[in-house]
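J.: Dropping the structure in here first, questions after.
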Amino acid sequence: MAGPNFRNITLLQMESFIALVEEESFTRAARRMFVTQPTLTKHIHSLEEAAGARIVDRAAAGVAPTPEGRILYDYARRILRLREVAREKIQELGGNGSGTVHVAASTIPATYLLPRVLGGFLKRYPAVRLHIQAADSRDVSRMVSDGEAEMGFVGKQPADRKLLFEPLWEDRLVAVFPAGHPWSKRGSVRPEELFGEPFVMREEGSGTRETFADCLLKSSGRNIDALHVVCEMGSSEAVKEAVLNGMGISLLSVFAVEREAAAGKLGIAAVEGCPMKRHFYLLYRRNFTLTACHERFREAVRESRLSPCLPGGKRL
């Protein structure tokens, strides 16, 4: 049980513990913190005494947090993030236009959309620094809600009432298959045809997967469990590579495959009766105070007009 010394935990001890959890080694964590290993070990012992519990398991394979340590790690990250927020707000009072925007984004916005927006934004506001972390839509919503990220981009509306959201860019999912596939000359396929092909699926929690599952159930009366799934993968890039290498077909955002489709490396087709249109959303906490750099970033993504380039001006 945590004792009275818990209130004496320092930020340096928290930083040391975070480094240890992430590096999984006392030696690497000490190097990252620019301290000696005995000093780092002392910080961890002090934390364990304050917590009244062992916070890491030490084994030959490496260091891992205990259940108590995982709780402390999660809260330590939030506390250090708040320190950064305080620093940034003080900096902004100086009027130099600097600051950091911490963003979490699902695969499609992080990989294909935000890079198109950020080049111009950073040229206009060179003193702003961006930190972008990619995750699936479910985790992005959680990260923003928990304060691990300030703003987020997802492919589905969040259910969390602590979050505000607004639609930004329209997307469409399309059937994707290798060049030379029998569907290559077709502009569309029937939903029931998808069940006869080996299928490469996005992971649970993905907005792409949930949009596809909802539409497939409405159009065919069958759920995605009836597909012949040969592999599940954690990103659109991984799925795309699998399709390029002949593992099967898939359903992906048109933004993810526009280059390969234009180069003739992949075929794409609409799914009849299943348009699978969606929006990507910007989200942030209701009680989050937007600084000047956050306001500028929000305006930049609001003003952006993104649409995929399909081969020969093709429309789906």
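The values are calculated or read from the model by the stated rules, or taken from the named source; none is laboratory data. Small disclaimer: the values here were computed from a predicted structure and weren't measured. Neighbour counts run over all protein chains shown; Cβ positions are idealised from the backbone, glycine included.
J.: Has region 150-157 got any residue that is outside the structural domain of ALA261 (by TED's automatic domain parsing), under 30 Å from ALA86 (Cβ atoms) and surrounded by fewer than 20 Cβ atoms within 10 Å (Cβ to Cβ)? Give the derivation first.
T.: Initially, region 150-157 is screened for residues outside the structural domain of ALA261 (by TED's automatic domain parsing), giving 150-157.
Filter again for under 30 Å from ALA86 (Cβ atoms), leaving 150-154.
Right, trim to surrounded by fewer than 20 Cβ atoms within 10 Å (Cβ to Cβ) and you get none.
Looking for residues that are outside the structural domain of ALA261 (by TED's automatic domain parsing), under 30 Å from ALA86 (Cβ atoms) and surrounded by fewer than 20 Cβ atoms within 10 Å (Cβ to Cβ), one finds none in region 150-157, hence no.
J.: Another one. Pull up region 2-52, narrow it to residues that are assigned to a loop (DSSP other than H, G, I, E, B), touching a residue at least 24 places away in the same chain (Cβ under 8 Å) and on the phi < 0 side of the Ramachandran plot, then point me to the one that is nearest to the chain's Cα centre (by Cα). Let's see the steps before the verdict.
T.: Step one: of region 2-52, the residues assigned to a loop (DSSP other than H, G, I, E, B) are 2-3, 9-10, 24-25, 34-36, 52.
With touching a residue at least 24 places away in the same chain (Cβ under 8 Å) added as a condition, the list becomes 2-3, 9, 24-25, 52.
Checking the rest, the ones that are also on the phi < 0 side of the Ramachandran plot come to 2-3, 9, 25.
Numbers: ALA2: 34, GLY3: 37, ILE9: 31, SER25: 26 Å.
Within region 2-52, the match that is nearest to the chain's Cα centre (by Cα) is SER25.
J.: Report yes if ALA135 is more than 27 Å from GLU272 (Cβ to Cβ) and small (Gly, Ala, Ser), otherwise no.
T.: Working: more than 27 Å from GLU272 (Cβ to Cβ): yes; small (Gly, Ala, Ser): yes.
Yes.
J.: Identify, please: which residue in region 263-290 is of a type in the set (Val, Ile, Thr) and under 14 Å from VAL176 (Cα atoms) and is, among those, surrounded by the most Cβ atoms within 10 Å (Cβ to Cβ)?
T.: Residues of region 263-290 of a type in the set (Val, Ile, Thr): 268, 271, 289.
From what's left, under 14 Å from VAL176 (Cα atoms): 268, 271.
Values: ILE268: 21, VAL271: 23.
Per the stated criteria, the residue is VAL271.
J.: Give THR27, THR36, THR10 a once-over and let me know the one that is within 17 Å of ALA76 (Cβ to Cβ), exposed (fewer than 13 other Cβ atoms within 10 Å of the Cβ) and among the polar types (S, T, N, Q). It would help to see each step written out before you state the result.
T.: Values: THR27 fails: within 17 Å of ALA76 (Cβ to Cβ); THR36 fails: within 17 Å of ALA76 (Cβ to Cβ).
Result: THR10 is the single residue among THR27, THR36, THR10 that is within 17 Å of ALA76 (Cβ to Cβ), exposed (fewer than 13 other Cβ atoms within 10 Å of the Cβ) and among the polar types (S, T, N, Q).
J.: Yes or no: region 239-254 includes at least one residue that is out of contact with any helix residue (DSSP H, G or I) (no Cβ under 8 Å at 6 or more places or on another chain), surrounded by fewer than 17 Cβ atoms within 10 Å (Cβ to Cβ) and among the acidic types (Asp, Glu).
T.: yes
J.: Something else now. Condition first: within 20 Å of the chain's Cα centre (by Cα), crowded, with 17+ Cβ neighbours inside 10 Å and in a loop (DSSP other than H, G, I, E, B). Can you find one or more residues in region 119-132 that meet it?
T.: No - not one qualifying residue is present in region 119-132.
J.: Can you work out which of the residues in region 159-179 that are out of contact with any Gly (no Cβ under 8 Å at 6 or more places or on another chain) and not hydrophobic (A, V, I, L, M, F, W, C) is nearest to LEU283 (Cα to Cα)?
T.: Ranking the candidates gives GLU166 first.
J.: With respect to the numbered conditions (1) within 18 Å of THR107 (Cα to Cα); (2) of a type in the set (S, T, N, Q); (3) surrounded by fewer than 15 Cβ atoms within 10 Å (Cβ to Cβ), which one is the sole condition not fulfilled by ASN223?
T.: (1)
J.: Just checking, does region 78-99 include any residue being closer than 21 Å to PHE288 by Cβ, in contact with a strand residue (DSSP E or B) (Cβ under 7 Å, 6 or more places away or on another chain) and in a strand (DSSP E or B)?
T.: yes
J.: Can you tell me which condition ALA60 does not meet? The list is (1) closer than 30 Å to GLY152 by Cα; (2) of a type in the set (A, V, I, L, M); (3) modelled with pLDDT under 90, and all the others hold.
T.: So ALA60 meets the others, but not (1).
J.: Taking region 159-193, which residues are in contact with a strand residue (DSSP E or B) (Cβ under 7 Å, 6 or more places away or on another chain), assigned by TED's automatic domain parsing to the domain that holds GLY248 and not in a strand (DSSP E or B)?
T.: ALA179, HIS181, TRP183, SER184, ARG186, GLY187, PRO191
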